[in-house]
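Worksheet for the structure shown next.
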Amino acid sequence: MKIYLPLIGTLLLSACAGNYTFNSNLNGEAIDEYFKASDVTVFNEGEQPRSPYELKGLVEGESCQVGADDAPASIVEARTIARRAAADKGANAIMVKKCAVFEERTETCFSRAFCVAQAISLTNSTQQ
(Lines give C-alpha, C1' and ligand atoms only; values in the text may rest on other atoms or scores of the structure.)
Protein backbone atom coordinates (compact mmCIF):
# COMPACT_ATOMS: atom_id res chain seq x y z
CA MET A 1 0.00 0.00 0.00
CA LYS A 2 2.87 2.37 0.79
CA ILE A 3 4.21 2.04 -2.76
CA TYR A 4 0.81 2.69 -4.34
CA LEU A 5 0.14 5.93 -2.46
CA PRO A 6 3.07 7.90 -4.03
CA LEU A 7 2.29 6.37 -7.41
CA ILE A 8 -1.36 7.47 -7.24
CA GLY A 9 -0.32 10.92 -6.02
CA THR A 10 2.11 11.30 -8.91
CA LEU A 11 -0.54 10.24 -11.42
CA LEU A 12 -3.06 12.71 -10.01
CA LEU A 13 -0.59 15.60 -10.03
CA SER A 14 0.62 14.83 -13.55
CA ALA A 15 -2.98 14.84 -14.75
CA CYS A 16 -3.21 18.49 -13.72
CA ALA A 17 -0.11 19.46 -15.68
CA GLY A 18 -0.71 20.53 -19.21
CA ASN A 19 -0.19 23.13 -21.88
CA TYR A 20 -2.58 25.84 -20.75
CA THR A 21 -3.09 29.15 -22.48
CA PHE A 22 -4.48 32.35 -21.08
CA ASN A 23 -7.02 34.31 -23.07
CA SER A 24 -8.17 37.75 -22.04
CA ASN A 25 -10.66 40.26 -23.31
CA LEU A 26 -8.14 43.05 -22.63
CA ASN A 27 -6.56 44.63 -25.67
CA GLY A 28 -3.06 46.07 -25.21
CA GLU A 29 -3.67 48.82 -27.75
CA ALA A 30 -6.90 49.87 -26.02
CA ILE A 31 -5.07 50.06 -22.70
CA ASP A 32 -2.35 52.24 -24.25
CA GLU A 33 -5.03 54.48 -25.77
CA TYR A 34 -6.83 54.83 -22.43
CA PHE A 35 -3.72 55.71 -20.42
CA LYS A 36 -1.90 57.95 -22.93
CA ALA A 37 -3.49 61.03 -21.38
CA SER A 38 -1.50 60.36 -18.21
CA ASP A 39 1.71 61.15 -20.13
CA VAL A 40 0.51 64.71 -20.80
CA THR A 41 1.26 67.35 -18.15
CA VAL A 42 -1.43 69.96 -17.48
CA PHE A 43 -0.73 73.65 -16.95
CA ASN A 44 -3.96 75.29 -15.76
CA GLU A 45 -5.16 78.73 -16.79
CA GLY A 46 -2.50 81.33 -16.07
CA GLU A 47 0.32 78.78 -15.48
CA GLN A 48 3.32 78.72 -17.79
CA PRO A 49 5.98 76.01 -18.12
CA ARG A 50 9.43 76.99 -16.87
CA SER A 51 11.24 75.19 -19.67
CA PRO A 52 11.21 76.03 -23.39
CA TYR A 53 8.45 74.46 -25.43
CA GLU A 54 7.22 74.02 -28.97
CA LEU A 55 3.58 74.71 -29.92
CA LYS A 56 1.81 71.75 -31.52
CA GLY A 57 -1.60 73.36 -31.98
CA LEU A 58 -4.95 73.84 -30.28
CA VAL A 59 -6.83 70.93 -28.77
CA GLU A 60 -10.25 70.69 -27.20
CA GLY A 61 -12.23 68.30 -25.10
CA GLU A 62 -15.94 68.04 -24.49
CA SER A 63 -17.93 66.14 -21.89
CA CYS A 64 -21.65 65.61 -22.44
CA GLN A 65 -24.38 64.41 -20.09
CA VAL A 66 -26.48 62.43 -22.54
CA GLY A 67 -29.35 61.37 -20.29
CA ALA A 68 -31.04 62.84 -17.25
CA ASP A 69 -29.85 59.91 -15.12
CA ASP A 70 -26.24 60.05 -16.39
CA ALA A 71 -23.37 61.67 -14.54
CA PRO A 72 -23.20 65.44 -15.09
CA ALA A 73 -20.69 66.74 -17.60
CA SER A 74 -17.37 67.47 -15.94
CA ILE A 75 -14.41 69.70 -16.65
CA VAL A 76 -12.10 66.88 -15.52
CA GLU A 77 -13.38 64.60 -18.29
CA ALA A 78 -13.22 67.39 -20.88
CA ARG A 79 -9.62 68.14 -19.86
CA THR A 80 -8.72 64.42 -20.11
CA ILE A 81 -10.12 64.29 -23.64
CA ALA A 82 -8.03 67.36 -24.52
CA ARG A 83 -4.97 65.60 -23.07
CA ARG A 84 -5.61 62.57 -25.32
CA ALA A 85 -5.93 64.88 -28.32
CA ALA A 86 -2.61 66.50 -27.37
CA ALA A 87 -0.94 63.09 -27.13
CA ASP A 88 -2.26 62.30 -30.62
CA LYS A 89 -0.44 65.43 -31.86
CA GLY A 90 2.80 64.29 -30.26
CA ALA A 91 2.62 66.77 -27.37
CA ASN A 92 3.65 66.00 -23.81
CA ALA A 93 1.82 68.91 -22.13
CA ILE A 94 -1.15 71.22 -22.51
CA MET A 95 -1.71 74.79 -21.41
CA VAL A 96 -5.41 75.12 -20.59
CA LYS A 97 -6.79 78.37 -21.96
CA LYS A 98 -10.41 78.11 -20.87
CA CYS A 99 -12.87 75.57 -19.49
CA ALA A 100 -16.59 76.14 -19.11
CA VAL A 101 -19.70 74.23 -18.06
CA PHE A 102 -22.97 74.83 -19.90
CA GLU A 103 -26.05 73.83 -17.93
CA GLU A 104 -28.51 74.65 -20.74
CA ARG A 105 -30.07 71.55 -22.26
CA THR A 106 -29.54 71.00 -25.99
CA GLU A 107 -30.85 68.36 -28.39
CA THR A 108 -28.00 66.00 -27.51
CA CYS A 109 -26.83 66.98 -24.01
CA PHE A 110 -28.43 67.84 -20.69
CA SER A 111 -25.20 69.59 -19.69
CA ARG A 112 -21.82 70.07 -21.33
CA ALA A 113 -18.28 70.85 -20.23
CA PHE A 114 -15.79 72.19 -22.72
CA CYS A 115 -12.02 72.87 -22.50
CA VAL A 116 -9.69 74.55 -24.98
CA ALA A 117 -5.92 74.21 -24.60
CA GLN A 118 -2.66 74.60 -26.45
CA ALA A 119 -0.79 71.36 -27.05
CA ILE A 120 2.93 71.82 -26.45
CA SER A 121 6.10 69.75 -26.42
CA LEU A 122 8.38 70.55 -23.55
CA THR A 123 12.01 70.34 -24.59
CA ASN A 124 13.25 69.83 -21.03
CA SER A 125 12.62 66.42 -19.41
CA THR A 126 11.49 67.96 -16.08
CA GLN A 127 8.22 69.19 -17.65
CA GLN A 128 7.72 71.94 -15.06
List, please: which pairs have Cβ atoms under 7 Å, are six or more places apart or on different chains, and start with a residue in segment 42-68 that is touching a residue at least 12 places away in the same chain (Cβ under 8 Å) and surrounded by 11 or more Cβ atoms within 10 Å (Cβ to Cβ) and end with one that is hydroxyl-bearing (S, T, Y) and not in a loop (DSSP other than H, G, I, E, B)?
Y53/S121; E54/S121; K56/S121; G61/T80; Q65/S111
Could you check segment 106-120 and list, in sequence order, the residues that are open to solvent by 40 Å² or more (accessible area, probe 1.4 Å) and in contact with a strand residue (DSSP E or B) (Cβ under 6 Å, 6 or more places away or on another chain)?
F110, R112, F114, V116, Q118
Log entry, pairs with first residue in segment 102-124 being among the basic types (K, R), second being at pLDDT below 95 and open to solvent by 70 Å² or more (accessible area, probe 1.4 Å), beta carbons closer than 6 Å, six or more apart or on different chains, reads R112/F102
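This table checks each residue for (1) hydrophobic (A, V, I, L, M, F, W, C); (2) under 15 Å from the mean Cα position of the chain (by Cα).
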| residue | (1), (2) |
| --- | --- |
| Y34 | no, yes |
| S38 | no, yes |
| N44 | no, no |
| L55 | yes, no |
| F110 | yes, no |
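The values are calculated or read from the model by the stated rules, or taken from the named source; none is laboratory data. If you're wondering where the values come from, they're calculated on a predicted model, not measured in any experiment. Here Cβ is always computed from backbone atoms with ideal geometry, including for glycine, and neighbour counts include all displayed protein chains. To get the accessible areas, we keep the full protein, side chains included, count just its heavy atoms, and leave off ligands, DNA and RNA. Shrake-Rupley method; radii C 1.70, N 1.55, O 1.52, S 1.80 Å.
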